[in-house]
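Enquirer: Have a look at this one.
The values are calculated or read from the model by the stated rules, or taken from the named source; none is laboratory data. Bear in mind the structure is a predicted one, so any value in this text is a computation, not a measurement. Note: ideal-geometry Cβ built from the backbone for every residue, glycine included; neighbour counts use all protein chains shown. For accessibility, only protein heavy atoms count, side chains too; no ligands or nucleic acids. Shrake-Rupley method; radii C 1.70, N 1.55, O 1.52, S 1.80 Å.
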2 protein chains.
Amino acid sequence: MIAPNDEKRSIKKISRRDMLKLTGIGAAGAAIGASGLGGVMKAMGYDVSEPVADSTTASNKANFYGKHQSGITTPVQTNIYFASLDVLFSTKNDLQELFKQWTPLVVRLMNGELMVDLTTNTRIPTGDTGEAVGLDASNLTITIGAGPSLFDKLSIQHLKPAELEDLPHFPKDQLQKEFTGGDLCIQACADDPQVAFHAVRNLVRAASGKVQIKWSQAGFNSFPAGGGTPLNLFAFKDGTVNPAITDEKDLNKVVWVDKGWLKGGTYLVARKIQMHLETWDRTSLKDQEATFGRYRDSGAPFGKTKEFDDFDVEAKDSNGDYIMPDTSHVHLARKSGARILRRSYSYASGVMSNTGAHDAGLIFISFQKDPAQFTTVQNSLGRLDKMNEYVTHRGSAVFACFPGVQKGSYLGEALFNAL
Amino acid sequence: MIAPNDEKRSIKKISRRDMLKLTGIGAAGAAIGASGLGGVMKAMGYDVSEPVADSTTASNKANFYGKHQSGITTPVQTNIYFASLDVLFSTKNDLQELFKQWTPLVVRLMNGELMVDLTTNTRIPTGDTGEAVGLDASNLTITIGAGPSLFDKLSIQHLKPAELEDLPHFPKDQLQKEFTGGDLCIQACADDPQVAFHAVRNLVRAASGKVQIKWSQAGFNSFPAGGGTPLNLFAFKDGTVNPAITDEKDLNKVVWVDKGWLKGGTYLVARKIQMHLETWDRTSLKDQEATFGRYRDSGAPFGKTKEFDDFDVEAKDSNGDYIMPDTSHVHLARKSGARILRRSYSYASGVMSNTGAHDAGLIFISFQKDPAQFTTVQNSLGRLDKMNEYVTHRGSAVFACFPGVQKGSYLGEALFNAL
């Protein structure tokens, strides 16, 4: 987008942490915040052109370039800001331009650098909304995907993977339009809520007039200081039965698409699941545990003692009863035979104004090589799942998450090269 | 509430961190999560009675007991969960019972200990909703206050301080009923969102049938790793002109009430302020800074170079123009002559479903010895404040925050002793 410039390439990039120091330097002389910061920085040897590489010096940084996008097999962060977008354009070329524009910005964001206005590189004070200044990269990951509706809007139905269809209606769904669907998604995860929000805000701002947010949801995970699986708001460990994020062979079976322009990508399913905490909190621990099929405190499956103990879903006791109740969430999910990579966050968004009940729950996110894996699990849960008494699905969306980007390329290039 | 028991007093209390270890011990033998954990813990020497003292061993702990409630002059944490409650009872005795019940629970929560069901001490697995197990005290503070409506509901108008009145309507207010008012408030602040939410959830649960949440709001602050004032979502430092939280003499002038049953307490004003980020982001930095009357990056007031530099609001330049524009937020606030202690948090709650614009902003919280201090500032801002273009006040409430509690006493005792 910006012509190569050898002079610029040899100078430093400005991180958000450096920005604070710069401000201190400037403030000691004159109020540089008021004007001309870009010039001051350039004179001081800071690069104000777009970054092209993952920073090798930033702390708490996840890498952008690679076979797969970040935020899928990256260790789970403490915060998410998930945004589902509508596109306001109608051609594939527009999308390509957008992704070429976004690519260097995403690298910058993940480096913990300031955004730069793409139309000119001398407007840094207005090129970044600035609320992340002083915060480091915070392990920010950005994961971008395309919903089924995008392919219709751009009249490129022939490029829509057969697997990418809106999820079917599930028996207990009470979906609300304002939390459902979307042409594109941006999943921003970070170890700081302001860094995650800043990333979405700035990507959407850079695409002003091209996209608008359809719905979004902030969420959090709190990690026990001693390590271990975080607890959801039902106080049960969430994410125990996941493929190991380091087992590429297993991930190839469960997560990564192996064909077409989506090769190296995956499908993201997002479900906004309200958890009825008041009902749950009136339920005895025994019933809560029978609902999951796991003991709350240890996380062990029924009949076992440790969280990661494997179990035979068909095992019965001496009375001929299932050890793990056949209406339990874990029993039914396991019985489906399907596997997914869960990467969920809790939310607490106030109360339902009519009842005063908590509007809290799970922004459930799973990755799989085919959305049918999620559908299979959800259909197995169906009407039987004891969990149905305690949760209501309020939102739903599915996105094809693009493959990773190689240096010199840009997000989604394989899609645009496809005929 | 529970009869003294010397045997219990001599044994240990269980922290949420210990709980994790216990689970490990139990899991090695039998699945103790399923039943009888209370008994197991008692047998192991853990105290399952209510705590009566601030823990001296918990890490990252704020103290409950003292002259003032916590969460007012405590260093600002990263997260808030603010809840405004309606009471479902109608007598002063009910309130007294509630506060006697809440007091030991608040101590426990702030110690990072498990809640205990007050009706029996053998039901720990169900006495705490459990989602904070493994998390430490996280500097949790709990601040409880009474709204004007409480005194009417309990027919104790004669005890309502003259200063405690609903805030007047301000010119640009667009208040929504679902974010306004309340009989009681619980401000839970912590360095972990799940710890803050857990505290409100468990206090409300313990008071089931006695209170219900009218409205609530989660918020966050992100602190630059190098220290300094956190930035709000307009990327400006928020909270610069505050009394020093260690200057008791100044706090006596600004924050602490010095008469009646509220002596040692203060008034909390909460305002849910939507910030129109898209409008702000289209505004030049120069105009943004003229809106505040401060430089964004340094935080210095116009004409000065450092954040904490003092300034003369009436100072003019050689043209006779105010150095700090007389429509700027800081100019008008300073000119009011009133001072308050601000302790605000940002929020990002998704988008407005009709426009796709961010539903984000500030859960503004200030403490003052008289709500009139806030009203004076807000009236000075009035219709002149340039900031009005960028913000909309959506919610509002005022509460009289009780004095601190001495060991052996309970929350609000002075109110109940008043005639």
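Enquirer: Relative to the Cα centre, what is the charge dipole magnitude of region B:275-397, using +1 at the beta carbon of each Lys and Arg, -1 at the beta carbon of each Asp and Glu, and rounding to the nearest 20 debye?
Expert: 360 debye
Enquirer: For the protein assembly as shown, which whole-number percentage of the solvent-accessible area (1.4 Å probe, protein heavy atoms only) is attributable to carbon and sulfur atoms?
Expert: Whole-percent figure for carbon plus sulfur exposure: 50.
Enquirer: Counting only other chains, what is the mean number of Cβ atoms within 10 angstrom of the Cβ of each residue in peptide A:171-178?
Expert: 1
Enquirer: Shifting gears a bit: Using Cα-Cα distances under 8 Å and only pairs 6 or more residues apart, what relative contact order does chain A have, in percent?
Expert: 22 percent
Enquirer: If you don't mind, there's one more thing I want to ask. For residue A:177, which inter-copy label distances result when the label point lies 7 Å beyond Cα on the Cα-to-Cβ vector, reported in nm to one decimal and in ascending order?
Expert: Those separations, rounded to one decimal, come out as 2.4 nm.
Enquirer: Among the listed pairs B:210/B:272; A:249/A:335; A:100/B:306; A:386/B:153; A:177/A:210, give every one whose C-alpha distance is greater than 30 Å.
Expert: A:100/B:306; A:386/B:153
Enquirer: Then there is this: Using the Cα centre of chain B as the reference point, and only Cβ charges (+1 on K/R, -1 on D/E), how large is the resulting charge dipole? Debye, rounded to the nearest 20.
Expert: Result for chain B is approximately 660 debye, rounded to the nearest 20.
Enquirer: Starting from the Cα of residue A:214, draw a straight line to each of the aspartates and glutamates and keep only those under 13 Å, dropping any in the same chain fewer than 8 residues away.
Expert: A:86, A:178, A:183, B:359
Enquirer: Sticking with this structure for a sec: List the aspartates and glutamates whose Cα sits under 19 Å from the Cα of residue A:304, skipping any in the same chain fewer than 8 residues away.
Expert: The qualifying aspartates and glutamates are A:238, A:287, A:289, A:312, A:314, A:317, A:321, A:326.
Enquirer: Once you average over the residues of A:283-291, how many Cβ atoms of partner chains fall within 10 Å of each Cβ?
Expert: 3
Enquirer: Sort B:200-209, B:86-95 for me by packing, meaning the mean count of neighbouring Cβ atoms within 10 Å per residue, highest on top.
Expert: Sorting B:200-209, B:86-95 by mean packing, highest first, produces B:200-209, B:86-95.
Enquirer: Continuing with the same structure: Mind jotting down a quarter of the surface of the convex hull over the alpha carbons of the protein assembly as shown, in square nanometres, one decimal?
Expert: Mean shadow area of the hull around the Cα atoms is 35.9 nm².
Enquirer: Report the equivalent ellipsoid semi-axes for chain B in whole Å, largest first, defined as the square roots of five times the eigenvalues of the gyration tensor built from alpha carbon atoms.
Expert: Each semi-axis is the square root of five times an eigenvalue, giving 41, 24, 19 Å.
Enquirer: What does the buried accessible surface come to for B and A, summed over both chains, with the probe at 1.4 Å? Round to 100 Å².
Expert: Roughly 5100 Å².
Enquirer: Now for a different question. Which of A:184, A:377, A:209 sits closest to the plus end of the dipole of chain A, meaning its Cα is farthest towards the positive end, when Lys and Arg get +1 and Asp and Glu get -1 on the C-beta?
Expert: Ranked along the dipole, the leading option is A:209.
Enquirer: Based solely on its DSSP helices, what 222 nm [θ] is calculated for chain A when runs of n ≥ 4 H residues each add -39,500 (n - 2.57) and the sum is averaged over all residues, nearest 500 deg cm²/dmol?
Expert: Taken over chain A, the calculation gives -7500 deg cm²/dmol.
Enquirer: Here's a follow-up. When chain A is turned about an axis onto chain B, which of its residues keeps its C-beta closest to that axis, and how many Å is it?
Expert: Here the value is A:349, 3.
Enquirer: If you consider only alpha-carbon coordinates, what radius of gyration and Dmax does region A:64-192 have, in Å?
Expert: Every Cα atom of region A:64-192 included, Rg and Dmax give 16.8, 55 Å.
Enquirer: Using amide H atoms built in the peptide plane, which far-off residues or other-chain residues are under 5 Å from residue B:235 H to H?
Expert: none
Enquirer: Mind ranking A:60-72, B:379-391 by how tightly packed they are, going by the mean number of other C-beta atoms within 10 angstrom, highest first?
Expert: A:60-72, B:379-391
Enquirer: Rounding to the nearest 10 and keeping the result within 0 to 90°, find how far the Cα-based axis of helix A:193-206 lies from the longest principal axis of chain A.
Expert: Roughly 60 degrees, rounded to the nearest 10.
Enquirer: Something else now. What is the packing order of peptides A:175-187, B:133-145, taking the mean over residues of other C-beta atoms within 10 Å and listing the highest first?
Expert: B:133-145, A:175-187
Enquirer: Let's see if you can work this out: charge +1 on each Lys and Arg Cβ, -1 on each Asp and Glu Cβ, no other charges. What is the dipole magnitude of region A:215-293 about its Cα centre, in debye to the nearest 20?
Expert: Approximately 260 debye in magnitude.
Enquirer: So, in nm, how far is label residue A:316 from label residue B:417 when the simple model puts each one 7 Å beyond its Cα toward the Cβ?
Expert: Between residue A:316 and residue B:417, the simple spin-label model gives 6.8 nm.
Enquirer: Rounding to the nearest 10 and keeping the result within 0 to 90°, find how far the Cα-based axis of helix A:92-111 lies from the longest principal axis of chain A.
Expert: 90 degrees
Enquirer: Now for a separate question. Averaging over all projection directions, find the projected area of the Cα convex hull of region A:275-397 and quote it in nm² with one decimal place.
Expert: Mean projected area for region A:275-397: 8.7 nm², to one decimal.
Enquirer: Now for a different question. A drop of at least 10 square angstrom in accessible area, chain alone versus all protein chains together, probe 1.4 Å. Which residues of region A:189-203 meet that?
Expert: A:192, A:193, A:194, A:197, A:201
Enquirer: Further, regarding this structure: Counting pairs of alpha carbon atoms under 8 Å apart in space and at least six apart in sequence, what relative contact order in percent does region B:275-397 give?
Expert: 27 percent.
Enquirer: Using protein chains only (no ligands, no nucleic acids) and a 1.4 Å probe, work out which residues of region A:297-312 have their accessible area cut by at least 30 Å² relative to the chain alone.
Expert: By number: A:297, A:305.
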